[in-house]
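Here the structure is laid out as structure tokens; the discussion comes afterwards.
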Amino acid sequence: MICGIKNENPDGGMFEQLFEISINELYIFYPNSLKYFAVNSTARNNLKYTIEELNTMSIIDINPELNVEKLLELINILIIGERNKVFFETINRRKDGSFYPVKMNLQLFDYKGEKLCLAQAVELTEIKRLEEEKSRKEKQCSLMINGIPSPAWLISKERIILDQNKAAMILFGTKVGDYCCKMTIEENGQVKYSECYFCLADEALETKKTINREIEFRGRIWNKWWIPLGDDIYLHYAADITKYKKMEEELRNLSEKDALTNTYNRRYFTKKLEEEIERAKRSGSSFSVIMLDIDHFKRINDNFGHNAGDLVLKSVAKFINNRIRKTDILARWGGEEFILFLPYTSVENAVFLAEQIRKTLSEKEIPAVGRVTASLGVAGYIPGDTVDSLVNKADNMMYEAKSAGRNCVRYIVPEFSTADGRYSFKTIIKLTKETN
């Protein structure tokens, strides 16, 4: 018995068994009256109707979206043989009035010389829930990706843009479906593309490892990522870090530069001098340092004020920086004292530069102050020197210049003994000729 109706088919027992145990809802009804012939247990349990109640109902009674005319049109497609099956999505209504989505499959079959219609309904509640959840997540993911201010692309191994966010489109003008780089088609029809000089996509795909690099591109500094998502697809992400690099540069300048004169500070100079001494130990190279002190600086502050004193310091620093080489290093040693590092420079050449600086500076007019002079001391590196010993030699020579009346250069020249091939500690103090 199916829905209380006896099936007299010789195979009825097997038919009933398969009909009843199906995990999908099965309805057999008359194509003319639409009344039920049979409803399986899955459908009955879901609908909550009894067999007796279903025997008095038609398929229209459980489906609010279908009417007789519409359903007969669908059945007629089967009758005239236009199709063997008709699929459509609709909703069923339970006895308690609740609804659930189903995918319906209609087909005709013969039963004892009579045409009956079989409707198989696959409940879509879980499928719809999963689809909605998937759609919701995809929407959230899309909103999240498009909300990211940095450009991101999904790119195939062949360099075709499969997807991108709004930032990529706005900042770079790229389009989905286009090549992410320049592309040409050769005579044989083969596509040839020229990679960007920094592209590491192939390496990322080959090694299956994320690669990250900082790149200068289009006048900006980018933190770029190549993230393999499979054998032939990767995510390319680019973050503009130009402003952070500028901040980093500013912080480095703050740690290395004197805020007033924009020359290097004492700590940085000492570090570079230590490095140069180590290099000189290995290569035997020579270099010199010049210590400079502005004469009567206290008098300048007392007579013209500290703002004028600051102006003098900045003017002197700017003047010296414009005079020296790019490889030379000028630092403010402290107060009104400056120190110069001159790589690959003999004492004689360093003295020549010091005298030029002294002379030109003494002739330079500084607004609101007038002319200023400086005393300079020069010393060259010899093996065995440390930062302290070398700076002390230049400092002592600078004080020799002060003692000699200021506005002059004093320097110390190491003597070299050819007998043993070593530098001696005997030194000669020499004076530059004063011109004023």
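Pairs meeting the criteria (first residue in the stretch 90-110 and under 19 Å from Glu53 (Cα atoms), second residue of a type in the set (Lys, Arg), beta carbons under 8 Å, at least 6 apart or on different chains) are Arg94/Lys48; Lys95/Lys48; Asp96/Lys48; Phe99/Arg93. For the stretch 276-289, the candidate set comprises residues that are out of contact with any Gly (no Cβ under 9 Å at 6 or more places or on another chain), of a type outside the set (A, V, I, L, M) and not in a loop (DSSP other than H, G, I, E, B); within that set, the residue that is surrounded by the fewest Cβ atoms within 10 Å (Cβ to Cβ) is Arg282. A search for C-beta distances below 6 Å between a residue of the stretch 247-258 that is free of Cβ contacts under 8 Å to residues at least 40 places away in the same chain and any residue that is surrounded by fewer than 11 Cβ atoms within 10 Å (Cβ to Cβ), counting only pairs 6+ apart in sequence or on different chains, returns nothing.
Restricting attention to the stretch 290-312, the residues that are part of a strand (DSSP E or B) and among the basic types (Lys, Arg) total 0. All but one of (1) assigned to a helix (DSSP H, G or I); (2) closer than 19 Å to Asp240 by Cβ; (3) in contact with a strand residue (DSSP E or B) (Cβ under 7 Å, 6 or more places away or on another chain) hold for Trp153, so report the exception by its number. The number of the failed condition is (1).
Of the residues Pro10, Pro31, only one is on the phi < 0 side of the Ramachandran plot, modelled with pLDDT of 80 or more and part of a loop (DSSP other than H, G, I, E, B); which? Please lay out each step first, then the result.
Values: Pro10 fails: modelled with pLDDT of 80 or more.
Going through Pro10, Pro31 in turn, just one is on the phi < 0 side of the Ramachandran plot, modelled with pLDDT of 80 or more and part of a loop (DSSP other than H, G, I, E, B): Pro31.
The numbered conditions (1) closer than 21 Å to Phe338 by Cβ; (2) touching an Asp or Glu at 6+ places or on another chain (Cβ under 9 Å) are all true for Ala280 except (1). Candidates in the stretch 215-241 are the residues that are loosely packed, with under 13 Cβ neighbours inside 10 Å and without any contact (Cβ under 8 Å) to a residue 60 or more places away in the chain; of these, the one that is farthest from the chain's Cα centre (by Cα) is Gly230.
Looking only at residues of the stretch 300-313 that are surrounded by 16 or more Cβ atoms within 10 Å (Cβ to Cβ) and out of contact with any helix residue (DSSP H, G or I) (no Cβ under 8 Å at 6 or more places or on another chain), we find that the one that is farthest from Val369 (Cα to Cα) is Leu313.
If you go through the stretch 75-134 and keep only what is surrounded by 13 or more Cβ atoms within 10 Å (Cβ to Cβ) and among the charged types (D, E, K, R), you end up with Arg93, Arg94, Lys103, Lys115, Glu123, Lys128.
When residues of the stretch 332-382 are filtered for being assigned to a strand (DSSP E or B) and surrounded by 14 or more Cβ atoms within 10 Å (Cβ to Cβ), how many remain? Qualifying residue count, the stretch 332-382: 17. Output yes when any residue across the stretch 349-360 is free of Cβ contacts under 8 Å to residues at least 60 places away in the same chain, within 24 Å of Ala259 (Cα to Cα) and touching a helix residue (DSSP H, G or I) at 6+ places or on another chain (Cβ under 7 Å), and no when none is. The answer is no, given that none of the residues of the stretch 349-360 is free of Cβ contacts under 8 Å to residues at least 60 places away in the same chain, within 24 Å of Ala259 (Cα to Cα) and touching a helix residue (DSSP H, G or I) at 6+ places or on another chain (Cβ under 7 Å). Please find, within the stretch 259-275, the residue that is surrounded by the most Cβ atoms within 10 Å (Cβ to Cβ) out of those that are touching a residue at least 40 places away in the same chain (Cβ under 8 Å) and assigned to a helix (DSSP H, G or I). Among those that are touching a residue at least 40 places away in the same chain (Cβ under 8 Å) and assigned to a helix (DSSP H, G or I), it is Phe269. Scanning the stretch 145-157 for residues that are surrounded by fewer than 16 Cβ atoms within 10 Å (Cβ to Cβ) and free of Cβ contacts under 8 Å to residues at least 40 places away in the same chain turns up Asn146, Gly147, Ile148, Pro149. Scanning the stretch 111-170 for residues that are aliphatic (A, V, I, L, M) and more than 30 Å from Leu205 (Cα to Cα) yields a total of 8.
The values are calculated or read from the model by the stated rules, or taken from the named source; none is laboratory data. Here the structure is a predicted model, which is why all the values come from computation and not from measurement. Cβ coordinates were reconstructed from backbone atoms using ideal geometry, including for glycine residues, and neighbour counts include every protein chain displayed.
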